[in-house]
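The values are calculated or read from the model by the stated rules, or taken from the named source; none is laboratory data. Just so it is clear, the structure is predicted and the values come from calculations on it, not from any experiment. For neighbour counting, all protein chains shown are included, and Cβ atoms are generated from backbone atoms with ideal geometry for every residue, glycine included.
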There are 2 protein chains.
Amino acid sequence: MSPRDTEVTDQVTDVCPVRDLLDRIGSKWTVQVIEALAGRTLRFTELERAVDGVSRRVLVRTLRALERDGLLRRTVHPTVPVTVEYALTPLAAGLGGPLTALADWARTHRADMVSARRAYDAAAARPALSGDPA
Amino acid sequence: MSPRDTEVTDQVTDVCPVRDLLDRIGSKWTVQVIEALAGRTLRFTELERAVDGVSRRVLVRTLRALERDGLLRRTVHPTVPVTVEYALTPLAAGLGGPLTALADWARTHRADMVSARRAYDAAAARPALSGDPA
DNA sequence: CGGTATCCCTGCAGATACTG
DNA sequence: CAGTATCTGCAGGGATACCG
């Protein structure tokens, strides 16, 4: 078997390119990693601190997935204790545009979604009443 | 306890609006449901057939999540057997823009990602070799 | 320093039977 | 017709100890 990992999920996901991409950027830490690496190069430990909250294992998995998709470049410097640098590729830079558009939309309409949720939850709280529940 | 469901995940997700949105559109069937409802109104069973592959329970959950976020409007017609219609809200229509941009990017750069994966997987297959592995 | 190996736990998703 | 109830499975994520 492959010596890498048993948890390889992304094998036959290419049914729809959109779903495929969403599986990537939808995974919990991917976007934060991309943001952390926007315009700069970081080493593993720096990344670990920059993303903050992510566990080692998961961070590694996230980085590997991004690297595998050609969005991330991993450079190993054979120094005394090994040094590894991570940087986004031009491909990832191109993704930045659509991603930012989505982020902007999210921020702009955040209030709408929050209030919609409130309304929905409130409606769910009163099954079949029109007057004051209390 | 709330009579709706025990599996309410989306309670305190508002740390980051982007993550929040990605949790929504990142869930497996959301985008397909949005696509299915683009510009038209469908009933539950129609939706079930349009999305194809989704199970009842999951479809309902997807619809509820979208409705809760104000992206979907659910209309119940008190006919003999009850009739329910689903339609996107203007809010969802606005989301269509950024989402399409992302989809376009995904389609455009699909080949890049696929070849990147091939290269990555090929490299992983030969741990420390330069010649022919066979 | 930059990972891997190992273990656990939760939640999403799938399938299906049942119901107002 | 449009769901809910129930059970199951499994991948994603988390924590941490260990290693070259």
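Within region B:66-88, can you find the residues that are buried (at least 16 other Cβ atoms within 10 Å of the Cβ) and more than 10 Å from DNA strand D (Cβ to nearest atom)? The answer is B:L66, B:R68, B:D69, B:G70, B:L71, B:L72, B:R73, B:L88. Given (1) at pLDDT below 95; (2) within 29 Å of A:R118 (Cα to Cα); (3) more than 9 Å from chain A (Cβ to nearest Cβ), where does B:R118 come up short, assuming only one miss? Of (1) at pLDDT below 95; (2) within 29 Å of A:R118 (Cα to Cα); (3) more than 9 Å from chain A (Cβ to nearest Cβ), only one is false for B:R118: (2).
For every residue, the table says whether it meets (1) modelled with pLDDT under 95; (2) in contact with a Lys or Arg (Cβ under 7 Å, 6 or more places away or on another chain); (3) not charged (D, E, K, R).
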residue: A:T41; (1), (2), (3): no, no, yes
residue: A:L47; (1), (2), (3): no, no, yes
residue: A:D69; (1), (2), (3): no, yes, no
residue: A:T75; (1), (2), (3): no, no, yes
residue: A:V80; (1), (2), (3): yes, no, yes
residue: A:V84; (1), (2), (3): no, yes, yes
residue: A:P90; (1), (2), (3): no, no, yes
residue: A:G97; (1), (2), (3): yes, no, yes
residue: A:A103; (1), (2), (3): yes, no, yes
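Of all the residues in region B:46-60, those that are near DNA strand C (Cβ under 10 Å from one of its atoms), within 14 Å of another protein chain (Cβ to nearest Cβ) and either surrounded by fewer than 12 Cβ atoms within 10 Å (Cβ to Cβ) or charged (D, E, K, R) (or both) number 1.
Residues that are without any contact (Cβ under 8 Å) to a residue 12 or more places away in the chain and within 14 Å of chain A (Cβ to nearest Cβ) were ranked within region B:80-102; the one that is farthest from DNA strand C (Cβ to nearest atom) is B:P90. For region A:29-45, the count of residues that are of a type in the set (D, E), more than 9 Å from DNA strand C (Cβ to nearest atom), under 12 Å from the mean Cα position of the chain (by Cα) and within 14 Å of chain B (Cβ to nearest Cβ) is at least one. If you go through region A:45-65 and keep only what is within 24 Å of A:D23 (Cβ to Cβ), part of a helix (DSSP H, G or I) and within 12 Å of DNA strand D (Cβ to nearest atom), you end up with A:E48, A:V51, A:R56, A:R57, A:V58, A:L59, A:V60, A:R61, A:T62, A:L63, A:R64, A:A65.
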